[in-house]
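Structure record follows, encoded as structure tokens.
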Amino acid sequence: VVTGVQTCALPISLYAVGVFLSFTLSQVGMFLKWKRSRTLGWKHKAFINGLGAVVTFITVILIGITKFFHGAWIVCIVIPLLVYLMVKVKQHYTKIAEQLKLSLEQRPNEGATTNNQQHVIILVGALNKSFLKALNCARCLSQNVVAFHVSTDTEATEKLERKWEEYNPGIPLIIKYSSYRDIMKPLMNFIESKERASKHGETVTVVISQFVITKWWHNLLHNQTAYFIKSMLYKNRNVAVLTVPYII
């Protein structure tokens, strides 16, 4: 829009710095991969990627200096700014994780269950304090409570299984794997499957934890998946949704 689609007037230096920076990062990543794996011929491969990283990094510096006022300044300012913002977001998530960390001494409430056999499903992303509150609420509704987790990250799921076995909250953990990060399809398949052993037309209660953040803009970083799941579950007449808030 600004240049009237004239390629000669576009900041090509901006493009060049960004491209060679991407080359540098990818080459460094491959160098570290070979160094860690130490597979057959890793030294030769690491040398090639290491040399590529050095050459492309030198190119980034040269273009950044010589073409700084020709558009390279945009990348030199924007990328550090984006990295800073991402670091701050990461620090926020780390701080929240510390507040939610569940110790083995913090146990579910005893004697709060009823004799009702209504099926209750607790959606679990991680074993933390928000899950404990959701479990206590679910046990006030029924004794027939299961935890349900959709695995989109094998490493995170294995960590959850280890913590679950160690903590032993007293309810079964059902894990379904999704290759395409689709949470709704595995969840609905489980609700409607014989595995849940529910009668046709029976209402199933799905318990979802939701963070309540003191700063409004922090809400942009949380509960997005929960909002999506609830909006989809509301369309099913045989599903009731219970939202359990947890104040951060």
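Brief remarks follow.
- Simple label model, 7 Å out from Cα along Cβ direction - Met86 to Leu32, nm: 1.1
- Screening the chain for whole DSSP H helices with an alpha carbon extent of at least 30 angstrom along the helix axis and a mean Kyte-Doolittle hydropathy of at least 1.0 yields 42-66, 72-100.
- Ligands, DNA and RNA left out, the accessible area of the chain computed with a 1.4 Å probe is 63% carbon and sulfur.
- Long-range Cα-Cα pairs in the chain (distance over 30 Å), rounded percent: 50
- The simple spin-label model puts a point 7 Å past each Cα toward its Cβ; for Asn219 and Gln6 those points are separated by 4.8 nm.
- Contact order relative to length of the chain, as percent, for alpha carbon pairs under 8 angstrom and 6 or more apart: 15
- In Å, descending, principal axis extents of the Cα set of segment 70-189: 73, 34, 23
- Just so you know, the Rg over Rh for segment 29-127 is 1.29, from Cα atoms, with Rh as the Kirkwood radius.
- Taking all pairs of distinct alpha-carbon atoms in segment 53-96, Kirkwood radius in angstrom: 12.1
- Derived scalar couplings ³J(HN,Hα) [segment 209-215; Karplus, 6.51 cos²θ - 1.76 cosθ + 1.60; whole Hz; x for Gly, Pro]: 7, 9, 6, 10, 9, 5, 8
- Rolling a 1.4 Å probe over the protein heavy atoms gives the chain an accessible area of 65 Å² per residue.
- Leading residue at positive end of dipole, the chain (Cβ point charges), from Tyr246, Pro80, Thr56: Thr56
- Over segment 129-212, the hull volume per residue, using the convex hull of the C-alpha atoms, is 120 Å³.
- For Leu100, neighbours were defined as the other residues whose beta-carbon sits under 12 Å from its Cβ, and their charges (Lys and Arg +1, Asp and Glu -1) total +3.
- Dividing the helix sum by the residues of the chain, where each DSSP H run of 4 or more adds -39500 (n - 2.57), gives a mean residue ellipticity at 222 nm of -16500 deg cm²/dmol.
- Computed log10 I(q)/I(0) for segment 28-85 at 0.24, 0.29, 0.30 Å⁻¹: -0.87, -1.02, -1.05, from the Debye equation with unit scatterers placed on every C-alpha and solvent omitted.
- About the Cα centre, charge dipole magnitude for the chain (Lys/Arg +1, Asp/Glu -1 at Cβ), debye: 360
The values are calculated or read from the model by the stated rules, or taken from the named source; none is laboratory data. Please read all numbers here as calculations on a predicted model, not as lab measurements. Here the Cβ is made from the backbone with ideal geometry for all residues, glycine too, and neighbour counts use every protein chain on show. To get the accessible areas, we keep the full protein, side chains included, count just its heavy atoms, and leave off ligands, DNA and RNA. Shrake-Rupley method; radii C 1.70, N 1.55, O 1.52, S 1.80 Å.
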